[in-house]
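Undergrad: Here it is: the structure, laid out below.
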Amino acid sequence: MAGLRDLEISDQRVIPARLLSVRFSRASGPGGQNVNKVATKVGLRLDLEGATAHLGPEGVARIREKLASRLDGEGRLHVVSSESRLQARNLEAALARMENLIQDALARPRRRKPTRPTRGSRERRLAEKRQQSDKKRLRGRESGED
């Protein structure tokens, strides 16, 4: 296919276009009579088994875990695009969306470094607690009333 290109996940990781399969169908939405005649909706699928050589087994496992709702019955990653009235634009949008999904799934979250509160923040917290306590104490009845 002319518009099908490799997926560039990062500088080191590229998924070849041969692992992708494209299916075109009629889209709903704006377009008038064009909608009934032209197949502009794009369904793009990525063979994750074949992508193991390019992403590594742990990368494919992360994709399967994070994007489980986007996998079809055969375990392929599936993306659909039908925003545009042009087939080529929808194909490019689907390719870009798949690149972003894979990049996000492969991104490792940063480890949180535990920190300790500063002396000033502890003092401010305790001062605010004292203020609240005084405020609530003053709302109560005074001992001589009744």
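The values are calculated or read from the model by the stated rules, or taken from the named source; none is laboratory data. Because the structure is predicted, anything quoted here is derived from the model rather than measured. Using ideal geometry, Cβ is built from the backbone for each residue, glycine included, and neighbour counts are taken over all protein chains shown. Keep in mind that these areas ignore ligands, DNA and RNA; they rest on the heavy atoms of the full protein, side chains included. Shrake-Rupley method; radii C 1.70, N 1.55, O 1.52, S 1.80 Å.
Undergrad: Picking from Arg112, Arg23, Arg70, which is most flexible by a Gaussian network model of the chain using Cα springs under 10 Å?
TA: Maximum fluctuation in the GNM of the chain, among the listed residues, is at Arg112.
Undergrad: Hey, another quick one. What are the ³J(HN,Hα) values, in whole Hz, obtained from phi via the Karplus relation 6.51 cos²θ - 1.76 cosθ + 1.60 with θ = phi - 60°, for each residue of the stretch 8-21 in sequence order, with x given for Gly and Pro?
TA: The phi angles translate into 9, 7, 7, 4, 8, 10, 9, 9, x, 5, 5, 7, 9, 10 Hz.
Undergrad: Just one of (1) 0.96; (2) 1.42; (3) 1.05 is Rg/Rh (Cα atoms, Kirkwood Rh) calculated from these coordinates, so which is it?
TA: (2)
Undergrad: Compute the signed sum of charges (Lys and Arg +1, Asp and Glu -1) over the other residues within less than 13 Å, Cβ to Cβ, of Lys129.
TA: That works out to +4.
Undergrad: I've got another one for you. What length, rounded to one decimal in nm, is gained on full extension from Asp134 through to Ala17, with 0.36 nm per residue of separation minus their alpha-carbon distance?
TA: Gain in length upon complete extension: 35.2 nm.
Undergrad: I would also like to ask the following. Please get the size of the charge dipole for the stretch 76-131, origin at its Cα centre, with Cβ charges of +1 on Lys and Arg and -1 on Asp and Glu, quoted in debye to the nearest 20.
TA: Charge dipole of the stretch 76-131: 840 debye, to the nearest 20.
Undergrad: Describe numerically, in nm with one decimal, the distance between label points set 7 Å from Cα along Cα→Cβ at Leu126 and at Arg85.
TA: Between Leu126 and Arg85, the label points sit 7.0 nm apart.
Undergrad: I've got another one for you. Rounded to the nearest whole Å², what accessible area per residue is found for the chain with the 1.4 Å probe?
TA: Counting only protein heavy atoms, the per-residue value for the chain is 75 Å².
Undergrad: Please find the FRET efficiency linking Thr52 to Arg119, where r is the Cβ-Cβ separation and R0 is fixed at 41 Å, and quote it to the nearest 0.05.
TA: 0.20
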